[in-house]
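A.B. asks: One structure follows; several queries about it will come next.
The values are calculated or read from the model by the stated rules, or taken from the named source; none is laboratory data. Keep in mind it's a predicted model, so treat the numbers as computed, not measured. When we count neighbours, we look across all protein chains shown, and the Cβ atoms used for this are built from the backbone with ideal geometry, even at glycine.
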Amino acid sequence: MRFSGIVIAALGAVAVSAALLAPHIQGRQYKTTASQRLSLQWLRGNSSLPKVLVLYTGGTIAGGSIYGALDDTQYGQLSLTGEQIIARNPYLLNHTQLAVSNWTSSEGSTGTSDSLVMNMTRFAHDALCSEDSDIDGAIYTHGTNSLEETAFLLDLLVNCGKPIVGVGAMRPWTHLSFDGDANFFDGAVLAAHPDARNRGVMVAFNSRIIPGFWVTKQYSTNPDAFGATATGDLGAFINNKPYFYNTPSQPNAKHQFSLSLISNSSFSPSLPKVDILYAARQFSGKLVLDAYSDGASGVVIAGTGNGGIPNGQEEIALALEKGLQIVVGTRSPFGPSTPSRVPTYAKSGFVHVVQARIMLQLAIASGYTMNDTIVLFEKGLRDAIGQPFVPAV
């Protein structure tokens with residue numbers, strides 16, 4: 001596995017000893033900062049500028065093509081480091097101080113490994129939320145195929161008010177109109193901006209500020225690839241400076257999970273296995289039982305309409321008896337999966353199925369029962385429509 005020294009230090013940084021935080025040297029007590037404790041090396045032009053941590057995971061923003069400046073589908077043979085991405089833009093260090101923490105690995109990526117993205121989340125929480133933190137915000141580079149998943153996970157687990165911004169690119173850096181430089185610059189400036197606090201995770205893409213809780217990839221190749229499944233953009237970049245449409249707020253459907261509780265669960269350092277199934281005519285409930293047999297702790301079903309399942313109710317009931325947790329969303333790109341009057345499994349409300357999978361993983365790792373999970377996903381919407389759910393004792 002090819003981790004940088006920063007990452008190796010990060011894996012043990014969650015439980016830093018008091019002696020390390022306040023070493024005694026020649027009779028005097030010196031307290032370190034998070035930057036010193038995590039061995040972060042700051043690239044700076046001015047030491048008074050905001051400090052923004054760069055969680056580098058690669059992605060298209062770091063990828064190049066040997067096939068020329070018109071290729072934006074067959075790239076990946078060339079790559080940039082996080083430091084090289086920063087060096088491409090001479091304006092960055094006029095606005096921020098930047099330190100790169102490398103989260104690439106030859107054995108997987110944050111798009112394929114729950115354990116790797118959870119370790120990065122623990123590192124980000126320690127860097128931003130510890131008492132000795134001297135860091136103002138963070139950005140993470142990411143492959144766009146799963147950028148939304150990492151945004152949602154971070155949004156539910158890192159909640160100390162400091163901004164985290166997801167950035168990426170739809171075109172390789174060898175392309176004649178590479179979009180990654182602008183997205184990276186916008187993300188860094190956004191993470192450093194005082195008005196970005198208390199808004200949760202955000203994504204800076206194509207001059208748009210998109211909420212991390214609702215963000216999803218809506219177009220497979222277009223530079224304007226991302227949008228929100230509910231609400232809308234939080235703001236826009238004007239002259240590469242963030243402008244917010246509203247004062248800070250949080251989604252009603254958002255739940256802040258305990259990172260320490262999940263890190264101490266039996267699933268750590270990873271997360272419970274949760275599969276996504278797509279419902280259509282002739283849907284087979286056997287798929288749900290197969291997921292359970294394959295080790296899944298939960299299943300999210302992309303249901304028809306507002307959360308319908310055409311067939312397979314008997315198999316679903318059997319899977320629930322066996323202890324599988326089930327959440328049903330909608331395969332539609334927008335709109336809710338609405339609660340049943342007498343639920344046996346959870347409906348995801350306005351939470352998209354990809355995000356619902358992550359919320360279910362965190363719920364199971366936190367020790368939730370099926371009834372707890374129903375309340376987690378449904379309470380806000382049930383309160384609004386006057387259909388309370390009271391679990392049987």
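A.B. asks: Considering only residues that are surrounded by fewer than 24 Cβ atoms within 10 Å (Cβ to Cβ), among the aliphatic types (A, V, I, L, M) and not in a strand (DSSP E or B), which ones fall in region 45-84?
C.D. replies: L49, I66, A69, L70, L80
A.B. asks: Based on what the data block shows, is A99 outside any helix (DSSP H, G or I), surrounded by 15 or more Cβ atoms within 10 Å (Cβ to Cβ) and touching a residue at least 24 places away in the same chain (Cβ under 8 Å)?
C.D. replies: Working: outside any helix (DSSP H, G or I): yes; surrounded by 15 or more Cβ atoms within 10 Å (Cβ to Cβ): yes; touching a residue at least 24 places away in the same chain (Cβ under 8 Å): yes.
Taking the combined requirement at face value, the residue satisfies it.
A.B. asks: For region 321-336, name all the residues that are more than 22 Å from T216 (Cβ to Cβ), within 28 Å of the chain's Cα centre (by Cα) and not in a strand (DSSP E or B). Break it down into steps so the answer makes sense when it comes.
C.D. replies: Our first condition is that a residue be more than 22 Å from T216 (Cβ to Cβ); within region 321-336, this holds for 321-325.
Still in the running and within 28 Å of the chain's Cα centre (by Cα): 323-325.
Listed by number, the residues that qualify are G323, L324.
A.B. asks: Could you tell me whether region 361-379 includes any residue that is at pLDDT 95 or above, loosely packed, with under 14 Cβ neighbours inside 10 Å and within 21 Å of S293 (Cα to Cα)? Working first, answer last.
C.D. replies: Our first condition is that a residue be at pLDDT 95 or above; within region 361-379, this holds for 361-379.
Then keep just the ones that are loosely packed, with under 14 Cβ neighbours inside 10 Å; that gives 367, 369.
Of the ones still in play, those that are also within 21 Å of S293 (Cα to Cα) are 367, 369.
Yes: one or more hits.
A.B. asks: All but one of (1) modelled with pLDDT under 95; (2) over 22 Å from the mean Cα position of the chain (by Cα); (3) within 28 Å of S270 (Cα to Cα) hold for S113; state the number of the condition that does not hold.
C.D. replies: The number of the failed condition is (2).
A.B. asks: A follow-up question, please. For V274, all conditions in the list (1) more than 30 Å from Q74 (Cα to Cα); (2) surrounded by fewer than 17 Cβ atoms within 10 Å (Cβ to Cβ) hold save one; what is the number of the exception?
C.D. replies: So V274 meets the others, but not (2).
A.B. asks: Would you confirm whether or not region 379-393 contains a residue that is of a type in the set (F, W, Y) and under 29 Å from the mean Cα position of the chain (by Cα)?
C.D. replies: Applying the first criterion (of a type in the set (F, W, Y)) to region 379-393 yields 389.
Restricting the remaining residues to those that are under 29 Å from the mean Cα position of the chain (by Cα) gives none.
No.
A.B. asks: Quick one: which of N119, N89 is within 22 Å of F185 (Cα to Cα), outside any strand (DSSP E or B) and not hydrophobic (A, V, I, L, M, F, W, C)?
C.D. replies: On the way: N119 fails: within 22 Å of F185 (Cα to Cα).
Matching residue, one of N119, N89: N89.
A.B. asks: Would you be able to say whether some residue in region 219-229 is more than 21 Å from G111 (Cα to Cα), of a type in the set (S, T, Y) and in contact with a Phe, Trp or Tyr (Cβ under 7 Å, 6 or more places away or on another chain)?
C.D. replies: Taking region 219-229 first, the residues more than 21 Å from G111 (Cα to Cα) are none.
No, the conditions are met nowhere in region 219-229.
A.B. asks: Would you check which residues across region 226-265 are assigned by TED's automatic domain parsing to the domain that holds K162 and among the aliphatic types (A, V, I, L, M) and list them?
C.D. replies: Scanning region 226-265 gives A228, A230, L234, A236, I238.
A.B. asks: Would you mind finding the one in A34, A138 that is surrounded by 15 or more Cβ atoms within 10 Å (Cβ to Cβ), small (G, A, S), within 20 Å of the chain's Cα centre (by Cα) and assigned by TED's automatic domain parsing to the domain that holds F185?
C.D. replies: Working: A34 fails: within 20 Å of the chain's Cα centre (by Cα).
Going through A34, A138 in turn, just one is surrounded by 15 or more Cβ atoms within 10 Å (Cβ to Cβ), small (G, A, S), within 20 Å of the chain's Cα centre (by Cα) and assigned by TED's automatic domain parsing to the domain that holds F185: A138.
A.B. asks: Does T121 qualify as being in contact with a Gly (Cβ under 9 Å, 6 or more places away or on another chain) and buried (at least 21 other Cβ atoms within 10 Å of the Cβ)?
C.D. replies: Numbers: in contact with a Gly (Cβ under 9 Å, 6 or more places away or on another chain): no; buried (at least 21 other Cβ atoms within 10 Å of the Cβ): yes.
No; evaluated as a whole, the condition is false for this residue.
A.B. asks: Could you go through region 7-17 and let me know if any residue there is exposed (fewer than 14 other Cβ atoms within 10 Å of the Cβ), more than 30 Å from H175 (Cβ to Cβ) and modelled with pLDDT of 70 or more. Show your work before the answer.
C.D. replies: The first filter runs over region 7-17 and keeps only residues exposed (fewer than 14 other Cβ atoms within 10 Å of the Cβ), leaving 8, 11-12, 15, 17.
Applying the additional criterion that residues be more than 30 Å from H175 (Cβ to Cβ) yields 8, 11-12, 15, 17.
Still in the running and modelled with pLDDT of 70 or more: none.
Checked region 7-17: no residue is exposed (fewer than 14 other Cβ atoms within 10 Å of the Cβ), more than 30 Å from H175 (Cβ to Cβ) and modelled with pLDDT of 70 or more.
A.B. asks: From the list N206, N239, N246, pick out the single residue that is surrounded by fewer than 22 Cβ atoms within 10 Å (Cβ to Cβ) and within 15 Å of A169 (Cα to Cα). First the steps, then the outcome.
C.D. replies: Working: N239 fails: within 15 Å of A169 (Cα to Cα); N246 fails: within 15 Å of A169 (Cα to Cα).
Only one candidate passes the filter, namely N206.
A.B. asks: Taking the residues in region 312-348 that are touching a helix residue (DSSP H, G or I) at 6+ places or on another chain (Cβ under 6 Å) and hydrophobic (A, V, I, L, M, F, W, C) as candidates, determine which candidate is farthest from T369 (Cα to Cα).
C.D. replies: I316
A.B. asks: Going by the structure shown, is I358 in contact with a Gly (Cβ under 8 Å, 6 or more places away or on another chain), surrounded by 15 or more Cβ atoms within 10 Å (Cβ to Cβ) and either on the phi > 0 side of the Ramachandran plot or of a type in the set (A, V, I, L, M) (or both)? Please lay out each step first, then the result.
C.D. replies: Numbers: in contact with a Gly (Cβ under 8 Å, 6 or more places away or on another chain): no; surrounded by 15 or more Cβ atoms within 10 Å (Cβ to Cβ): yes; either on the phi > 0 side of the Ramachandran plot or of a type in the set (A, V, I, L, M) (or both): yes.
Judged against the criteria, I358 is not a match.
A.B. asks: I'm trying to understand the selection: among the residues of region 122-145, which are more than 22 Å from F185 (Cβ to Cβ) and either among the hydroxyl-bearing types (S, T, Y) or in contact with an Asp or Glu (Cβ under 9 Å, 6 or more places away or on another chain) (or both)?
C.D. replies: Result: S130, S133.
A.B. asks: Take residues that are hydrophobic (A, V, I, L, M, F, W, C) and tell me which of the strands (runs of 3 or more DSSP E) falling wholly in region 177-219 contain 2 or more.
C.D. replies: Numbers: elements: 202-205, 208-211, 215-217.
Output list reads 202-205, 208-211.
Yes or no, residue by residue, for (1) polar (S, T, N, Q); (2) within 19 Å of L154 (Cβ to Cβ); (3) in contact with a helix residue (DSSP H, G or I) (Cβ under 9 Å, 6 or more places away or on another chain):
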{"residue": "Q218", "(1), (2), (3)": "yes, no, no"}
{"residue": "N222", "(1), (2), (3)": "yes, no, no"}
{"residue": "F226", "(1), (2), (3)": "no, yes, yes"}
{"residue": "T231", "(1), (2), (3)": "yes, yes, no"}
{"residue": "I238", "(1), (2), (3)": "no, no, no"}
{"residue": "K241", "(1), (2), (3)": "no, no, yes"}
{"residue": "Y245", "(1), (2), (3)": "no, no, no"}
{"residue": "S249", "(1), (2), (3)": "yes, yes, no"}
{"residue": "A253", "(1), (2), (3)": "no, yes, yes"}
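A.B. asks: Also, quick follow-up: On the basis of being in contact with a Pro (Cβ under 9 Å, 6 or more places away or on another chain) and in the same structural domain as D71 (by TED's automatic domain parsing), does A182 make the cut? Before you say what the answer is, go through the steps one by one.
C.D. replies: Values: in contact with a Pro (Cβ under 9 Å, 6 or more places away or on another chain): no; in the same structural domain as D71 (by TED's automatic domain parsing): yes.
Against the criterion (in contact with a Pro (Cβ under 9 Å, 6 or more places away or on another chain) and in the same structural domain as D71 (by TED's automatic domain parsing)), A182 does not qualify.
A.B. asks: Counting only residues that are over 10 Å from N183 (Cβ atoms) and buried (at least 24 other Cβ atoms within 10 Å of the Cβ), which one in region 159-173 is nearest to the chain's Cα centre (by Cα)?
C.D. replies: The first filter runs over region 159-173 and keeps only residues over 10 Å from N183 (Cβ atoms), leaving 159-164, 171-173.
From the residues that got through so far, the ones that are buried (at least 24 other Cβ atoms within 10 Å of the Cβ) too are 163-164, 172.
Numbers: P163: 13, I164: 9, P172: 22 Å.
Top of the filtered list is I164.
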